[in-house]
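Inspection log for the structure reproduced underneath, given as structure tokens.
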Amino acid sequence: MSEAPSIDPQFAKLVLFMEQHIPFNKLLGLRVDFLQRGECVLRIPWMDHLIGDVNRPAVHGGVISMLADTAGGAACFSMLSNPQDRVSTVDLRVDYLRPGPSLDLLCHAKTIRVGNKVAVARMEVFAGAMPDSATRQFDTGEAIATAQAVYNVVRRDS
């Protein structure tokens, strides 16, 4: 994505928290490129230490699963009205479709369902750039991985 990040202003604190206050996200340089209610795009800029298979070289699968999990959690969290509410991963399935090349990793996540106790999200991970990012048509192009996750929702009293 070459354009400036598209972030709903109501999520500015969430973006700051995700990028600067979660040590692992900060270590990997995670950036929020797009965030609105129920949907987001997260990016991990390419760094050589993300390689998991030096013979290809291909990005480590753990980086891909972390990105998918974090994006899904952010998309689900954006659906909650109380900033004190919490989401935690219950189940994550990642399908690795092809090796991840030495490029930025981007993950599009969309919330499928949010209930009182459980939320579900689907994610797609891409390398280099999002397909048709200008029109936000994320269901085209070749993903390097797809994922689906279930999150526990803990609602705090206001």
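The values are calculated or read from the model by the stated rules, or taken from the named source; none is laboratory data. On a predicted model such as this, the values are computed, not experimentally measured, just so you know. Cβ coordinates were reconstructed from backbone atoms using ideal geometry, including for glycine residues, and neighbour counts include every protein chain displayed. With ligands, DNA and RNA removed, areas are computed over all heavy atoms of the protein, side chains included. Shrake-Rupley method; radii C 1.70, N 1.55, O 1.52, S 1.80 Å.
Rg and Dmax of region 37-158, based on Cα coordinates, read 14.9, 52 Å. Per-residue packing, averaged as other Cβ atoms within 10 Å, sorts the ranges 57-69, 7-19 into the order 57-69, 7-19, beginning with the highest. Per residue, the accessible area of the chain comes to 53 Å², computed with a 1.4 Å probe over protein heavy atoms only. Per atom type, region 1-76 shows carbon and sulfur on 57% of its accessible surface, probed at 1.4 Å.
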